[in-house]
Every structure is written in structure tokens, then in C-alpha cells.
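Notes to accompany the following structure.
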Amino acid sequence: MAETSVNPEGPGVDRQRDRVLTVPNALSVIRLVLVPVFLYLLLVAHAHGWAVGVLMFSGASDWADGKIARLFDNQSSRLGELLDPAVDRIYMVVVPVAMAVAGVLPWWLVVVLLGRDLALAATLPVLRSRGLSALPVTYVGKAATFALMSGLPLVLLGQYDALWSRVVLAVGWGFLIWGLAMYLWSGLLYLVQVVMVVRTMPTGSPGS
């Protein structure tokens with residue numbers, strides 16, 4: 001007789017986790033839709049102020065959907081756990097590249113950011129061979145993403161020819177440098193975890 005697995009928390013928990021129509025998921029979809037809007041505002045309309053507004057809204061909604069998912073049990077979902085970090089990654093690629101194309105950021109910074117992400121993406125086949133889809137996001141990584149996504153709109157806002165704009169630009173670069181250092185450090189920590197997984201888990205091991 002085949003053995004069936006039962007969630008000890010009850011079938012209702014599974015149904016809640018399978019929800020699609022939640023506030024956090026809606027916010028993530030809105031953030032995703034705003035990606036082409038940001039590209040148009042920055043690269044076509046050259047409306048830096050509106051582009052900054054899109055980034056600020058995206059950052060605020062990113063914080064809000066995580067907060068809502070943690071505070072309300074019926075707002076967390078498996079889709080949200082995949083969609084939110086996926087949208088974060090899209091922003092972390094699209095925004096720096098677009099700003100470099102617009103001449104706001106140096107290309108070396110974009111290369112470092114994307115190089116770090118590509119290096120971590122290269123470890124996914126190794127993790128999957130051990131039955132894992134990914135490793136948990138560290139607090140250092142979350143802080144790095146926060147710093148970068150705070151610094152990028154400030155640097156963009158600092159492109160105006162005014163004294164206040166120069167101050168904002170300096171603050172923005174402070175966030176970017178701090179965030180870049182933590183981003184690289186979190187990547188190194190991730191690679192260390194991958195090495196530990198390779199040493200302790202044989203190929204084909206289950207993820208749990």
C-alpha cells in the first residue's frame with residue numbers, strides 16, 4: 001500500500017499556500033509591469049523624475065509585500081516566495097543596465113553586479129544535483145539589495161544641475177558603494193555554503 005504524506009498542520013494550510021490572488025502577489029505583478037515603464041521613462045522620454053518615482057514605488061511596494069506576507073498567514077503563498085525574489089532579480093539587472101546605457105552609471109559597476117549574479121547562477125546545477133533548488137537568502141544579501149535599490153534612484157535623482165542634487169548624488173553613491181561591498185560579500189558567503197553542500201551531501205540527495 002502506498003504511503004501518503006499528510007501535512008501535520010492540516011490540509012487548509014496547503015490550500016492557503018497555493019493561493020494566487022494575494023496582496024503581495026498583486027504588488028509583485030505591479031512591480032513587474034513597471035519595468036518597461038521605467039525603461040521608457042529613462043531611455044525614451046528622458047523623464048528622470050518620473051523614473052525615480054517608479055523606482056521609489058517599486059522599493060516601497062517590495063517592502064510592503066514582504067511585510068504583509070509575514071504579518072498575515074493568509075497572504076503568504078508558494079507563488080509569492082518565487083515571484084518576489086524573481087522580480088527583485090529583474091530589477092537588479094534591468095535598472096543598472098538601463099542607467100549605464102543612459103550614461104548615469106559606469107559600466108564597470110554593472111559588470112561587477114552581473115558577474116556576481118552569473119557566478120551564483122552557475123552553481124544552480126550543482127545544487128540541483130543534490131536535490132536543492134537554491135540556498136536561503138542571507139540577511140547580508142537582503143541588506144545589500146536594500147542599499148543598492150536605495151542608492152540607484154538617489155544617483156538618478158542626483159543628475160539635476162542643482163546644489164541639492166549634488167548632495168543627493170553623494171548620498172546615493174554612498175549607498176551604492178556600501179551595497180556593492182555587501183553584495184559581493186553575500187555572494188562569497190553563498191559560494192561557501194555551496195562548497196559545504198558539495199562536501200556534506202552526495203549527488204542525488206533529497207532536499208530535505
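If you go through region 146-194 and keep only what is part of a loop (DSSP other than H, G, I, E, B) and in contact with a Lys or Arg (Cβ under 8 Å, 6 or more places away or on another chain), you end up with just Gly158. Just wondering, is there one or more residues in region 61-80 that are more than 14 Å from Val23 (Cα to Cα) and in contact (Cβ under 8 Å) with a residue 12 or more places away in the chain? No, because not a single residue in region 61-80 is more than 14 Å from Val23 (Cα to Cα) and in contact (Cβ under 8 Å) with a residue 12 or more places away in the chain. Look at (1) open to solvent by 50 Å² or more (accessible area, probe 1.4 Å); (2) at pLDDT 95 or above and you find that Ala98 fails only one, number (1).
So is Tyr160 open to solvent by 40 Å² or more (accessible area, probe 1.4 Å), hydroxyl-bearing (Ser, Thr, Tyr) and over 16 Å from the mean Cα position of the chain (by Cα) or not? So Tyr160 passes the test. On inspection, Gly115 does not qualify as in contact (Cβ under 8 Å) with a residue 24 or more places away in the chain and more than 14 Å from the chain's Cα centre (by Cα).
Among the candidates Gly174, Gly103, Gly179, the residue that is surrounded by 17 or more Cβ atoms within 10 Å (Cβ to Cβ) and either touching a Leu at 6+ places or on another chain (Cβ under 8 Å) or not acidic (Asp, Glu) (or both) is uniquely Gly179. May I ask you to verify whether Val94 is without any contact (Cβ under 8 Å) to a residue 60 or more places away in the chain, in a helix (DSSP H, G or I) and closer than 23 Å to Gly141 by Cβ? Against the criterion (without any contact (Cβ under 8 Å) to a residue 60 or more places away in the chain, in a helix (DSSP H, G or I) and closer than 23 Å to Gly141 by Cβ), Val94 qualifies. Listed conditions (1) more than 26 Å from Ala98 (Cβ to Cβ); (2) assigned to a helix (DSSP H, G or I) are all met by Pro202, apart from (2).
In region 120-142, the count of residues that are touching a Phe, Trp or Tyr at 6+ places or on another chain (Cβ under 7 Å), touching a residue at least 40 places away in the same chain (Cβ under 8 Å), open to solvent by 40 Å² or more (accessible area, probe 1.4 Å) and in a helix (DSSP H, G or I) is one or more.
The values are calculated or read from the model by the stated rules, or taken from the named source; none is laboratory data. These figures come from a predicted structure and were not determined experimentally. Heads up, the Cβs are rebuilt from the backbone with ideal geometry, glycines too, and the neighbour counts pull from every protein chain shown. When the accessible area is computed, the model is the full protein with side chains, heavy atoms only, and any ligands, DNA or RNA have been set aside. Shrake-Rupley method; radii C 1.70, N 1.55, O 1.52, S 1.80 Å.
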